[in-house]
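The values are calculated or read from the model by the stated rules, or taken from the named source; none is laboratory data. Please read these numbers as outputs of a predicted model, since none were measured by experiment. Using ideal geometry, Cβ is built from the backbone for each residue, glycine included, and neighbour counts are taken over all protein chains shown.
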Amino acid sequence: MDSASLTLIIFILTYTGIIFTRLPWINIDRPSAAFFGAIALIVSGCLTLPEAVAAVDFNTIALLLGMMIIISTLQLDGFFSLLAAKTIAWSGTQRRLLTIIVLVTAIASAFLVNDAVVLIFTPVILSICRSSGRNPLPYLIGEILACNVGSVMTMTGNPQNMLIGINSGMDYHDFMLRLLPVTLLSLPVVILAIRLLYRSEFRKKEYIRFSDTGFQYHFSSMKWSVPVFFLTIIMFFFSPAHGLSLPVIALAGGSLILIVGRIKPSRIIRQVDWVLLLFFASLFIVVHAVEKEGLLGSLAGSALLQENTKGLIKLHAVSLVLSQIVSNVPFTVIMLPVMKASGSEVLWLALASASTLAGNATIIGAMANLIVIESAEKEGVKIRFMEFLKPGLIVTIVSLMLSVAVLALEFHP
């Protein structure tokens, strides 16, 4: 069997494992499927070990690692819990509660990586709903939708945007300015969709009661870690002027926060999601092998990558479908070599916006969705597939339309 055919078979098997994480008689999940595929390519001779190592995008890995260290420290300090508890406690009524959850979750997700935000915000939302006798479903679904919408606007909002930001070569502030309107226009859609579908919850204004006594805060550490975090974000905006890349800034922030914080560094390092980093490295290797054999070449010149409104619509539509099948991160990794060949800024931004917004369509569209659902289920609250699908599809379709319109106007006024 020739190398191209063998590479294609391994690629298909790898992504089958990524899609179907519960196959009979096989102990598999997405990271293990990607790792097996990467090793299989090396063992079979489709790639040499040096080629596999060279295929890993260490800039993206470094950016992820730096941000993970910073976020892990803030989590252990209780910063997320404090942010959620203090802001949501201002709600007063259930209508304002929904609005605050949506806005705070979106803003936090833009700069703190959405997966980490929902992991901490979900227990706070459940606590508020329990103490006030509210139905938690509209607020949890609103949180999920808002975290994905909010994370669209920056390179550090989610893993796929980090991939796109590093590989596109765009500046942090340019990326944000281009996609900020998509987030700002989509957030009211989230609020309206939830209030429309859960009219009984918001029909009458009722007072919300909440106490944050169940959450622990380490202020002695927070007074050092929080300034480091804000300094890191500020440096992202000024990175071109100082000649520092985003990965270097993130690693510098991560190393500094380990030193000046009051949480034991070993606890922080254990908190880092090393499995996600392995997943990314493995995907880079698998996709590089396919690219090496020229199996992605036909996509580069296809109508999918045209710099016009029709091309934007097609890219958004493909992102919507494939993000539900393989999830948005594996889909984005597949698209990286294709997007590099196109060299188009508007298409890079379209991929970032579309792959992230597409995650709102179903409960399996993005990792943040699953984190909220699993956290809520541990507390006895179940978000069913169809329960999420109604608001998810409304918000996804409208926000994707807004994304196409914004990008079309920005680049083709």
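Out of I10, I28, I19, report the one residue that is under 21 Å from S327 (Cβ atoms), touching a residue at least 40 places away in the same chain (Cβ under 8 Å) and either touching a Gly at 6+ places or on another chain (Cβ under 6 Å) or of a type in the set (F, W, Y) (or both).
Values: I28 fails: touching a residue at least 40 places away in the same chain (Cβ under 8 Å); I19 fails: either touching a Gly at 6+ places or on another chain (Cβ under 6 Å) or of a type in the set (F, W, Y) (or both).
Of I10, I28, I19, the one residue that is under 21 Å from S327 (Cβ atoms), touching a residue at least 40 places away in the same chain (Cβ under 8 Å) and either touching a Gly at 6+ places or on another chain (Cβ under 6 Å) or of a type in the set (F, W, Y) (or both) is I10.
Does segment 193-214 contain any residue that is farther than 29 Å from G92 by Cα and hydrophobic (A, V, I, L, M, F, W, C)? Before you say what the answer is, go through the steps one by one.
Of segment 193-214, the ones farther than 29 Å from G92 by Cα are none.
No, segment 193-214 has no match at all.
When T183 is tested against (1) closer than 28 Å to L283 by Cα; (2) in a helix (DSSP H, G or I), only condition (1) is not met.
Checked against (1) over 21 Å from the mean Cα position of the chain (by Cα); (2) outside any helix (DSSP H, G or I), L409 passes all but condition (2). Scanning segment 353-371 for residues that are in contact (Cβ under 8 Å) with a residue 24 or more places away in the chain, surrounded by fewer than 24 Cβ atoms within 10 Å (Cβ to Cβ) and over 17 Å from V321 (Cβ atoms) turns up M367, I371.
Among the conditions (1) surrounded by fewer than 24 Cβ atoms within 10 Å (Cβ to Cβ); (2) more than 21 Å from I70 (Cβ to Cβ); (3) touching a helix residue (DSSP H, G or I) at 6+ places or on another chain (Cβ under 8 Å), A146 misses just one, which is (1). Candidates in segment 65-109 are the residues that are in a helix (DSSP H, G or I) and aromatic (F, W, Y); of these, the one that is nearest to M176 (Cα to Cα) is F80. Looking at segment 269-335, the helices (runs of 4 or more DSSP H) lying wholly inside it that each contain 3 or more residues that are within 22 Å of the chain's Cα centre (by Cα) and modelled with pLDDT of 85 or more sit at 274-292, 309-326. Restricting attention to segment 376-393 and to residues that are in contact (Cβ under 8 Å) with a residue 60 or more places away in the chain and outside any helix (DSSP H, G or I), the residue that is surrounded by the fewest Cβ atoms within 10 Å (Cβ to Cβ) turns out to be E379.
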